[in-house]
Amino acid sequence: MSTITSDYRHTSIYHSPEILTGLNAAVYKCAGRFRRKTTVLTMLSKHASMITKETSLYKDCSDRSLREKLNDFKIVFRRRDPNCKDCLFSALSAIAESAYRTLGMRPFHVQLTGALALYNNYIAEMATGEGKTLTASLTAILHGWSGFPCHIITANDYLAERDAEKLNPLYTYCGVSVGSVTSAMERPLRRSGYKQDITYSTAKEVTADFLRDRIALGDLQKFEHRIIRNLLDSSATKRESIVTRGLHTAIIDEADSLLIDEAVTPLIISQQQPNEVFSNACKTASILAATLEPGKHYIINKQYREIEILPEVDLGEVCKSSAIPHQFSGRGFQRELILQALTAREFYHKDKQYIIQDDKIVIVDEFTGRTMAQRSWSEGLHQMVEAKENLPITPPNETLARLSFQRYFRFYRNLSGMTGTAFEAADELWHVYSLPVVQIPSNKPCKRIMLERKFYPDQTTKWNDIVNEIIEIHTTGRPVLIGTRSVQSSEMLAGKLSQKGYDCKVINAVRHRDEAAIVSRAGERGAITVATNMAGRGTDILIPRDIEKKGGLHVIATELNESYRIDRQLFGRAARQGDNGSARSFVSMDDEVLKQYVFPFFLQTVTKAITANAPFSKLMANKAVKQAQNNARERAYKSRRSVQKMDTWLKDSLTFSHSEY
């Protein structure tokens, strides 16, 4: 590969078509539904059968013959020969046989179907436990042969390292290199990880490295600028300062979580700027906010997570006796400071949105329950939370670059993904990313028993009944997995079980060591495991045969989530690969999601009906749950639309600058 071509590929990005609006969007939506019609699955399944049949031709091949055949396929794909599509099935057949020889795993029919879906840029909805890790590797090898970088995006650093190491024998056998990039790595190791044909990493790491490279290149981001500068000064290209080698192919695990739920989270590269005046202002504003009362001085809008200071409240009078620095003495500054302080007090709570470690605020990801040690809230909110907790105030950050995951992943020429819960978000995945969804059937029929949802008027009765059900299931010898939404809830439940004399394993943002090992043992006889949200994703819960005969794993959802997709992710832990299993959700009428998204009068009516055990109470409660999750989904969609508008605005603003993104 020539130096000029290589230099171009290192920073080239694919500019996706603009996201359509109005009538154009409606027409495009119809096209997306056509792309995911049932005949697509029929065609993919037929092709998978052809691959399975052809795999038998390689069973009697020697290792040498099979490697030679794989090398022939690699040459075809590397040259991007027009015949590579014709030999696609044969290539996947050889890869499938290689997987058996190196890993002892022969891909199932559904895994081959999923691999074809990924290669054709689909989101493959595959049930939990159906082997998405192997499925992604089959497609990754095809892309690795092309010579262009292939990124496999996992949920966390542990999975990135584990999968790269676990699948290395297969990749090596097929003639491609593999590496991983994690948060702990320095730039030389990162550069080495990206240098491989296939790179496992997380969305945060690949996006941050992309932004860091752009910052390092400065005004040499555009290839033509580098060519001109290089003619004048051969040492000016700054190639040695970047770690990535371009964006071409991305295969995303848990695609709906990243592309939908976390799409609104911008990744920001910043540097601290010491500002003692601002730190003192935050401390003072936090003290003042503590003197204000909800209803008397301000109104809390829980649905939109906003604070409104009542018009009759004179902030000037409130701040008169305070020591707010004179730089922030203006009415506008005072108002913004106190609003942020009230926001930190009302909407950000310890062991829910954050934990405290080593006298520092550590954000907890509300979707995964994991800590995000390198992240901070913007616009002074992080400092206000620190002030509320009487912690040392960190210097505010100066933003150097920012980019949303939504915009970043649209830069990839080839994009695909896997998840167990994509169908509900199919229209949005097509509208924003042009990714159609195909539902891959499970390898074996699902035997999961969905027990009737239980409703309660308050938290106390709900948690007491949850404890009773855990004990009841535990006495039969069956394992129980309990999902909570926060550290606080998981610790509280563990305490209740301990008082009853029952031991349990807890996984949350505080207790996360040996997470994978704990989850892997969650299927053992009598095991009780409490986990925040989807802790342990990517780790199989193995069920012994004697326990499987007793009914398998029982999963309990203790709190209503904003999206039913998240509920389904938890329920998917039970009854994997044709095992027995059951699941149940418990809902209290004062659950946070219901209070935030259901009309107060209707919620009060349902609460009274549940308390009185009225005959229509369950019907009303189910309607309240549906209303809450629909309203939450609509609000989240509007938030993502605002991110789309911001991305468009940023792109238009940078049209005449040196930036390409």
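The values are calculated or read from the model by the stated rules, or taken from the named source; none is laboratory data. Computed from a predicted model, the values in this text were never measured in an experiment. Cβ placement follows ideal geometry from the backbone for every residue including glycine, while neighbour counts extend to all protein chains displayed.
Here the condition is being surrounded by fewer than 23 Cβ atoms within 10 Å (Cβ to Cβ) and over 24 Å from HIS349 (Cα atoms); of GLY551, GLY495, it holds for GLY551 alone. Residues that are over 30 Å from ALA614 (Cβ atoms) and β-branched (Val, Ile, Thr) within segment 424-470 comprise VAL432, VAL437, VAL438, ILE440, listed in sequence order. Looking at LEU92, LEU57, LEU44, LEU103, just one residue is among the aliphatic types (A, V, I, L, M) and modelled with pLDDT under 95, and that residue is LEU57.
Residue-level check: of (1) of a type outside the set (Val, Ile, Thr); (2) surrounded by 23 or more Cβ atoms within 10 Å (Cβ to Cβ); (3) farther than 18 Å from GLY581 by Cα; (4) over 20 Å from the mean Cα position of the chain (by Cα), ASN561 misses just (4). No other residue among LEU116, LEU103 is within 18 Å of GLU254 (Cα to Cα), hydrophobic (A, V, I, L, M, F, W, C) and touching a residue at least 12 places away in the same chain (Cβ under 8 Å) apart from LEU116.
Within segment 242-263, not a single residue is surrounded by fewer than 19 Cβ atoms within 10 Å (Cβ to Cβ), farther than 22 Å from GLN374 by Cβ and at pLDDT below 80. Of all residues being of a type outside the set (Val, Ile, Thr) and in a helix (DSSP H, G or I) in segment 609-621, which is surrounded by the fewest Cβ atoms within 10 Å (Cβ to Cβ)? Just the residue, please. In this case the residue turns out to be LEU619. Might you check whether a residue that is over 27 Å from CYS446 (Cβ atoms), out of contact with any helix residue (DSSP H, G or I) (no Cβ under 7 Å at 6 or more places or on another chain), at pLDDT below 95 and surrounded by fewer than 19 Cβ atoms within 10 Å (Cβ to Cβ) occurs anywhere in segment 128-147? No; the residues of segment 128-147 include none that is over 27 Å from CYS446 (Cβ atoms), out of contact with any helix residue (DSSP H, G or I) (no Cβ under 7 Å at 6 or more places or on another chain), at pLDDT below 95 and surrounded by fewer than 19 Cβ atoms within 10 Å (Cβ to Cβ).
Just need a number here: residues in segment 573-596 that are in a strand (DSSP E or B) and either touching an Asp or Glu at 6+ places or on another chain (Cβ under 6 Å) or not aliphatic (A, V, I, L, M) (or both).
Filtering segment 573-596 down to residues in a strand (DSSP E or B) leaves 580-588.
Applying the additional criterion that residues be either touching an Asp or Glu at 6+ places or on another chain (Cβ under 6 Å) or not aliphatic (A, V, I, L, M) (or both) yields 580-582, 584-586, 588.
Selection size over segment 573-596: 7.
Scanning segment 72-119 for residues that are farther than 15 Å from TRP145 by Cα, hydrophobic (A, V, I, L, M, F, W, C) and touching a Lys or Arg at 6+ places or on another chain (Cβ under 9 Å) returns ALA96, ALA99, LEU103.
Checked against the criterion of being crowded, with 19+ Cβ neighbours inside 10 Å, among the β-branched types (Val, Ile, Thr) and not assigned by TED's automatic domain parsing to the domain that holds LYS462, the candidates VAL519, VAL606 yield just one match: VAL606. Restricting segment 324-380 to residues that are of a type in the set (Phe, Trp, Tyr) and at pLDDT below 90, which is nearest to GLU308 (Cα to Cα)? The qualifying residue nearest to GLU308 (Cα to Cα) is PHE333.
Looking at segment 71-78, is at least one residue within 18 Å of ASN121 (Cα to Cα) and modelled with pLDDT under 90?
If we filter segment 71-78 for residues that are within 18 Å of ASN121 (Cα to Cα), which is where we start, we get 77.
Narrowing further to those that are modelled with pLDDT under 90: none.
No, segment 71-78 contains no residue that is within 18 Å of ASN121 (Cα to Cα) and modelled with pLDDT under 90.
Which is surrounded by fewer than 16 Cβ atoms within 10 Å (Cβ to Cβ), in contact with a His (Cβ under 7 Å, 6 or more places away or on another chain) and at pLDDT below 90, of ASP219, ASP233? Steps first, answer last, please.
Numbers: ASP233 fails: in contact with a His (Cβ under 7 Å, 6 or more places away or on another chain).
Every option except ASP219 fails the conditions.
Restricted to segment 473-514, and to residues there that are in contact with a helix residue (DSSP H, G or I) (Cβ under 6 Å, 6 or more places away or on another chain) and among the basic types (Lys, Arg), the residue that is modelled with the lowest pLDDT is LYS505.
Check segment 262-285 and report whether any residue there is within 29 Å of the chain's Cα centre (by Cα) and more than 30 Å from ALA216 (Cβ to Cβ). Scanning segment 262-285 turns up no residue that is within 29 Å of the chain's Cα centre (by Cα) and more than 30 Å from ALA216 (Cβ to Cβ). The set of residues in segment 513-533 that are in contact (Cβ under 8 Å) with a residue 60 or more places away in the chain and either among the hydroxyl-bearing types (Ser, Thr, Tyr) or within 22 Å of LYS500 (Cα to Cα) (or both) comprises ALA531, THR532.
Any chance segment 19-28 includes a residue that's touching a Ser or Thr at 6+ places or on another chain (Cβ under 6 Å) and part of a helix (DSSP H, G or I)?
Checked segment 19-28: no residue is touching a Ser or Thr at 6+ places or on another chain (Cβ under 6 Å) and part of a helix (DSSP H, G or I).
Among the criteria (1) closer than 22 Å to ASP567 by Cβ; (2) modelled with pLDDT under 90, the one LYS626 does not fulfil is (2). For ASP503, the criteria (1) crowded, with 21+ Cβ neighbours inside 10 Å; (2) free of Cβ contacts under 8 Å to residues at least 60 places away in the same chain; (3) not in a helix (DSSP H, G or I) hold in every case but one, which is (1). The residues in segment 556-590 that are modelled with pLDDT of 95 or more and of a type in the set (D, E, K, R) can be counted, and the count is 1. Only residues that are out of contact with any helix residue (DSSP H, G or I) (no Cβ under 8 Å at 6 or more places or on another chain) and within 13 Å of ALA289 (Cα to Cα) were counted across segment 336-374, and they come to 3.
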